[in-house]
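My questions all concern the structure below.
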Amino acid sequence: MTPFDPALFCRQFPALKQAEIYLDSAATALKPQAVIDATQQFYSADAATVHRSQHRAAQDLTTRFEQARQWVATLINAPQADDIVWARGTTEAINLVAQSYARPRLQPGDQILVSEAEHHANLIPWLMVAEQTGAQVVKLPLGSDRLPDLTLLSSLLNEKTRILALGQMSNVTGGCPDLAHAIELAHAAGAVVMIDGAQGIVHCPADVQRLNIDFYAFSGHKLYGPTGIGVLYGKTALLAEMSPWQGGGKMLTQASFSGFTPQQPPHCFEAGTPNIAGVLGLAAALEWMSTQDMAAAEQYSRNLAHSAEQRLALLPGFRSFRCSGSSLLAFDIAGVHHSDIVTLLAEQGIALRAGQHCAQPLMAALGVNGTLRASFAPYNQPEEVDVFVKALENAIALLAE
Ligand code: PMP
């Protein structure tokens, strides 16, 4: 494994050569050369698709495509590669669970418990399936520490609760609820647990067996991989009892006008030609990560966020929404609109995000109509924190004029 060296690490990311200071990795991570090479190799040299044709290139590609599941299974300690379903991203993976697992099982009056800290991707699919079935979405409120208040779980979970939907890590506060505790309580109440790992996977991939997670979803693009590819992990027994959500080529073993027989999981959930470049690129990202000291890299990016927070705290009106230990720094400045600041930062070459971060209920709970969010990654440099702080001071001074 290569010891973590910030200068060497960032040299592997060609996109950094452009002038901007990239503090938006929570939206999407930059891609290392190894991932770019893998996707380019597919498009330039692999004349084939997977699971369809019999020629040698197609057979070889199918083998590599299937091996990629094992990279993911190893990352999250899934018992077997076939527990890994390819999806477009976290969003599609959660919709798959809502439509394939929940929809046929939910009865009017059943409850789906969803934390108030969720990204819309782990809320809207549940609202949709509730509308389709007559079930009810119940809120697990945010606590004063900006984490979902797990002390309320024992009173909110009841015999009607079928599903608990919880994020491993908030994309705004960076807060990580105690998953083990929440899952244990949910299971004791007979509920199945959907964990949104879109942010958490980057910082600490969940061990799905140790945590006894039922469903876990994440996106490749936040984990140094390509866009348009994501993962649904499901327990073997749960996937086996689910019906396919989407129909089409290669998700079946026989079809006629009177019906069809679905394949076994994961293939029955992967109708149509898949995102082969995405899968190979994600496998390349995981292989590349296995050569890096990602624990040291993670600590390094958390330190950058901490140091930025400490320095910005000296600015009048600065308020942080960061949960301690996170590499995400959501904040606002009293009396100044976040979109004005982000525009002035963009003019100074600083790329970060402002707005509601696809988490409107969380914004309401925090009592704001939006925040700025600087998210730090191991390819950021301490000098970039200096430039960012200075640029923010300039922006505030300009807006105060
Ligand atoms: N959940 C969280 C916590 C996220 O941060 C995101 C991406 N912003 C998503 C879900 C959705 O991911 P995607 O858009 O890649 O499907």
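The values are calculated or read from the model by the stated rules, or taken from the named source; none is laboratory data. All values reported here derive from a predicted model rather than from experimental measurement. Cβ placement follows ideal geometry from the backbone for every residue including glycine, while neighbour counts extend to all protein chains displayed. Keep in mind that these areas ignore ligands, DNA and RNA; they rest on the heavy atoms of the full protein, side chains included. Shrake-Rupley method; radii C 1.70, N 1.55, O 1.52, S 1.80 Å.
Please determine whether any residue of region 137-160 is under 18 Å from Met242 (Cβ atoms) and outside the structural domain of Arg322 (by the TED database).
Within region 137-160, not a single residue is under 18 Å from Met242 (Cβ atoms) and outside the structural domain of Arg322 (by the TED database).
Using beta carbons and a limit of 7 Å, which pairs, at least six apart or on different chains, have the first residue in region 171-188 and assigned by the TED database to the domain that holds Phe218 and in contact (Cβ under 8 Å) with a residue 12 or more places away in the chain and the second one open to solvent by 50 Å² or more (accessible area, probe 1.4 Å) and not aliphatic (A, V, I, L, M)?
Short answer, once both residue conditions are applied: Asn171/His119; Thr173/Arg146; Gly175/Arg146; Ile183/Asn212; Leu185/Ser154; His187/Asn212.
Give Gly134, Gly200, Gly167 a once-over and let me know the one that is farther than 18 Å from Leu96 by Cβ, within 15 Å of the ligand (Cβ to nearest atom) and in contact (Cβ under 8 Å) with a residue 12 or more places away in the chain.
Residue meeting the stated conditions: Gly200.
Would region 380-390 turn up any residue that is buried (at least 23 other Cβ atoms within 10 Å of the Cβ) and touching a Pro at 6+ places or on another chain (Cβ under 9 Å)?
Taking every residue of region 380-390 in turn, at least one turns out to be buried (at least 23 other Cβ atoms within 10 Å of the Cβ) and touching a Pro at 6+ places or on another chain (Cβ under 9 Å).
Of the residues Gln80, Gln107, Gln54, Gln59, which single one is under 30 Å from Val35 (Cα atoms), away from the ligand (no atom under 16 Å from the Cβ), open to solvent by 30 Å² or more (accessible area, probe 1.4 Å) and modelled with pLDDT of 95 or more?
Gln80
For region 74-105, how many residues meet the condition of being within 16 Å of the chain's Cα centre (by Cα) and assigned to a helix (DSSP H, G or I)?
10
Related question: Is at least one residue of region 314-321 under 25 Å from the mean Cα position of the chain (by Cα), buried (at least 19 other Cβ atoms within 10 Å of the Cβ) and not β-branched (Val, Ile, Thr)?
Yes.
Residues in region 339-373 that are closer than 18 Å to Gln18 by Cα and open to solvent by less than 30 Å² (accessible area, probe 1.4 Å): how many?
5
If you scan region 112-160, which residues turn out to be assigned to a loop (DSSP other than H, G, I, E, B), over 19 Å from the mean Cα position of the chain (by Cα) and not charged (D, E, K, R)?
Gly134, Ala135, Pro141, Gly143, Ser144, Leu157, Asn158
A quick yes/no check of all residues on (1) in contact (Cβ under 8 Å) with a residue 60 or more places away in the chain; (2) open to solvent by 30 Å² or more (accessible area, probe 1.4 Å):
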residue: Gly225; (1), (2): yes, no
residue: Thr236; (1), (2): yes, yes
residue: Pro244; (1), (2): yes, yes
residue: Leu252; (1), (2): no, yes
residue: Ala255; (1), (2): no, yes
residue: Phe260; (1), (2): no, yes
residue: Gln264; (1), (2): yes, yes
residue: His267; (1), (2): yes, yes
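Kindly provide the set of residues from region 187-206 that are within 26 Å of Pro244 (Cα to Cα) and either part of a loop (DSSP other than H, G, I, E, B) or open to solvent by 30 Å² or more (accessible area, probe 1.4 Å) (or both), ordered by number.
His187, Gly190, Ala191, Gly197, Ala198, Ala206, listed by residue number.
Moving to a separate point now. Across region 83-104, what is the number of residues that are open to solvent by 20 Å² or more (accessible area, probe 1.4 Å), within 13 Å of the ligand (Cβ to nearest atom) and farther than 18 Å from Gly281 by Cβ?
2
While we're here: If we scan region 303-310, do we find a residue that is in a helix (DSSP H, G or I), open to solvent by less than 20 Å² (accessible area, probe 1.4 Å) and outside the structural domain of Ala26 (by the TED database)?
Within region 303-310 (the criterion being in a helix (DSSP H, G or I), open to solvent by less than 20 Å² (accessible area, probe 1.4 Å) and outside the structural domain of Ala26 (by the TED database)), the answer is no, since none of the residues qualifies.
So, in region 215-231, of the ones that are β-branched (Val, Ile, Thr) and part of a loop (DSSP other than H, G, I, E, B), which residue ends up nearest to the ligand (Cβ to nearest atom)?
The qualifying residue nearest to the ligand (Cβ to nearest atom) is Thr227.
Identify all residues within region 336-381 that are within 16 Å of the ligand (Cβ to nearest atom), aliphatic (A, V, I, L, M) and either assigned to a helix (DSSP H, G or I) or in contact with a His (Cβ under 7 Å, 6 or more places away or on another chain) (or both); write none if there are none.
Selection gives Ala354, Ala359, Leu362, Met363, Ala365, Leu366, Leu372.
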